[in-house]
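The values are calculated or read from the model by the stated rules, or taken from the named source; none is laboratory data. These numbers were taken from a predicted model, which means no experiment stands behind them. So basically every Cβ, Gly included, is an ideal-geometry build from the backbone, and we count neighbours across all protein chains shown.
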Amino acid sequence: MSPADANAPGSATPVPSSGPADLATLEERALSARVVLGDRDAFALLVGPHLARALLLARRLLKNHNDAEDLVQDAALRALERFDQFDRSRSFAPWFIRLLMNLGLQQQEKIGRRSHEPLELHTAEADTHQEPESTDFWRAFHEAVDQLPARQRAIIMLFDVDGYSGVEIADLLDITPENVRWHLHVARRTLRPLLRAYHPDPNFHP
């Protein structure tokens, strides 16, 4: 029976179609199976599409490009070493990013507040067509965020700048959504007086 016949009215066994997401999942699982067998090239193909995003998040967290690159490399090596702990029935990206974020938070706690590069503005924030006041606000925002503890800084950047939901952040950092909300509340309470000059509205909150 052809696929067309199988999908015809009255057919007992319809053939499901495979969309791009289905094909990507199948490809990822095939690569994961090869990694389990020791295929490092397969691991490079598996982790490769996620490295740019990982570097952005690492840069947000550590505030230094060289440290961020080192963190991404460390996370990739850790993921390869611990691949037997990865649930291959699930997507690789959240597991890898969670591992990177936890490593980054541990590293940030160790290095403390040593000298670092100023955070570059987010692509949308650095738009040259923005009004000067807007650019000034984002610069002040980053300077203020830089004063937060590492976990609060990571959470508020992920939520307010990168657009992650509270549930997604909880999954990335392996904490509860309630914990995410608490960190956001405390971080915003710290940021509000530092940024109020840029937003005189008394109801403003970052």
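Identify, from the list 43, 86, 92, 96, the residue that is at pLDDT 90 or above, farther than 18 Å from residue 172 by Cβ and of a type in the set (A, V, I, L, M, F, W, C). Every option except 43 fails the conditions. Every test in (1) over 30 Å from residue 27 (Cβ atoms); (2) at pLDDT 90 or above; (3) among the hydrophobic types (A, V, I, L, M, F, W, C) is passed by residue 194 save one, and that test is (2).
Residues being farther than 17 Å from residue 98 by Cβ and part of a helix (DSSP H, G or I): count how many of those fall in region 140-152.
7
If you go through region 152-167, how many residues are under 9 Å from the mean Cα position of the chain (by Cα) and crowded, with 17+ Cβ neighbours inside 10 Å? Give the derivation first.
As a first pass, look at region 152-167 and keep what is under 9 Å from the mean Cα position of the chain (by Cα): 158, 162, 164.
Okay, now just the ones that are also crowded, with 17+ Cβ neighbours inside 10 Å, so 158, 164.
Matching residues across region 152-167 total 2.
When residues in region 55-73 are screened for being free of Cβ contacts under 8 Å to residues at least 40 places away in the same chain and of a type outside the set (A, V, I, L, M), 4 of them pass. If you check residue 79 against the conditions, is it at pLDDT 95 or above, crowded, with 20+ Cβ neighbours inside 10 Å and assigned to a helix (DSSP H, G or I)? Judged against the criteria, residue 79 is a match.
Set side by side, the residues 58, 52 differ, and just one is surrounded by fewer than 16 Cβ atoms within 10 Å (Cβ to Cβ), outside the structural domain of residue 161 (by TED's automatic domain parsing), under 23 Å from residue 150 (Cα atoms) and at pLDDT below 95, which is 52.
Exactly one residue out of 8, 24, 12 is at pLDDT below 90, surrounded by 10 or more Cβ atoms within 10 Å (Cβ to Cβ) and in a loop (DSSP other than H, G, I, E, B), and it is 8.
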